[in-house]
Number of protein chains: 2
Amino acid sequence: MGESAKTHQPPYYAVVFTSQRTEGDRGYGKMAEKMEELASQQQGFLGIESARDSGLGITVSYWDSLDAIRNWKDNSAHKFAQEKGKEEWYKNYTVRVCKVERAYSFEM
Amino acid sequence: MGESAKTHQPPYYAVVFTSQRTEGDRGYGKMAEKMEELASQQQGFLGIESARDSGLGITVSYWDSLDAIRNWKDNSAHKFAQEKGKEEWYKNYTVRVCKVERAYSFEM
């Protein structure tokens with residue numbers, strides 16, 4: 001968390017996950033860490049970036065194909081976390097599957 | 001800031017802006033607010049979401065076309081802010097222009 005993902009050559013895919021949490025941790029922090037580690041081991045994973053402040057959390061994960069995104073969505077440990085998320089951790093969330101068409105970076 | 005953007009019917013466009021800030025405010029907070037207000041008045045603007053923690057900031061703005069994104073990038077007040085950003089506020093940033101292909105939401 002709190003690190004920039006490397007930039008790859010477009011086109012590739014981004015999943016933008018925005019969420020508002022329920023109160024308290026309820027095991028969320030540990031699971032989020034575990035899921036990030038597991039995601040990074042999946043075929044086609046390119047990187048992940050996360051920021052959360054008091055109001056909103058945004059996590060963007062990067063993938064080389066829609067198939068890679070589908071496989072991660074269907075991963076059984078991830079599916080379990082998704083269910084827990086709906087029951088316990090999220091007041092609301094939105095998932096947006098996006099094709100990255102152009103990317104550029106600045107370094108001071 | 002700290003609010004969820006409404007979900008629209010894809011396809012539409014998202015600009016994912018991830019950044020690491022320099023130390024101190026240096027007028028950044030006020031300018032960020034002003035730019036968010038100005039962006040929201042542009043033709044084709046659909047919404048904006050922001051989160052920043054100690055390591056990383058992520059702002060995602062949503063637009064109805066690539067033209068709308070281009071126009072906002074070329075807006076003169078925004079161009080001035082972009083220059084200040086490179087001189088003062090950002091250690092590094094990445095801009096990714098994305099086509100939102102699929103979106104779904106959950107509400108507790």
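Tabulated data for the structure shown
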item: Selection from region B:72-92 of residues that are assigned to a strand (DSSP E or B) and either within 23 Å of A:Thr94 (Cβ to Cβ) or of a type in the set (Gly, Ala, Ser) (or both); result: none
item: A:Thr18 being open to solvent by 30 Å² or more (accessible area, probe 1.4 Å) and within 12 Å of chain B (Cβ to nearest Cβ); result: no
item: Criterion violated by A:Thr7 - all others in (1) part of a loop (DSSP other than H, G, I, E, B); (2) of a type in the set (S, T, N, Q); (3) within 21 Å of B:Tyr104 (Cβ to Cβ) satisfied; result: (3)
item: Residue in region A:21-45 that is nearest to the other protein chains (Cβ to nearest Cβ), counting only those that are among the hydroxyl-bearing types (Ser, Thr, Tyr) and part of a helix (DSSP H, G or I); result: A:Tyr28
item: Breaking point among (1) modelled with pLDDT under 95; (2) surrounded by fewer than 17 Cβ atoms within 10 Å (Cβ to Cβ), for A:Gln42; result: (1)
item: Scope region A:51-71; condition open to solvent by 60 Å² or more (accessible area, probe 1.4 Å) and outside any strand (DSSP E or B); matching residues; result: A:Ser54, A:Asp64, A:Asp67, A:Arg70, A:Asn71
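To keep it simple, each residue is scored yes or no on (1) touching a residue at least 24 places away in the same chain (Cβ under 8 Å); (2) at the interface with chain B (Cβ under 9 Å from one of its Cβ atoms).
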| position | (1), (2) |
| --- | --- |
| A:Ser76 | no, no |
| A:Trp89 | yes, no |
| A:Val95 | yes, yes |
| A:Ala103 | yes, yes |
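The values are calculated or read from the model by the stated rules, or taken from the named source; none is laboratory data. Bear in mind the structure is a predicted one, so any value in this text is a computation, not a measurement. Counting neighbours? That spans all protein chains shown, and the Cβs are built from the backbone with ideal geometry, glycine included. Areas reflect the complete protein model, heavy atoms only, side chains present, ligands, DNA and RNA absent. Shrake-Rupley method; radii C 1.70, N 1.55, O 1.52, S 1.80 Å.
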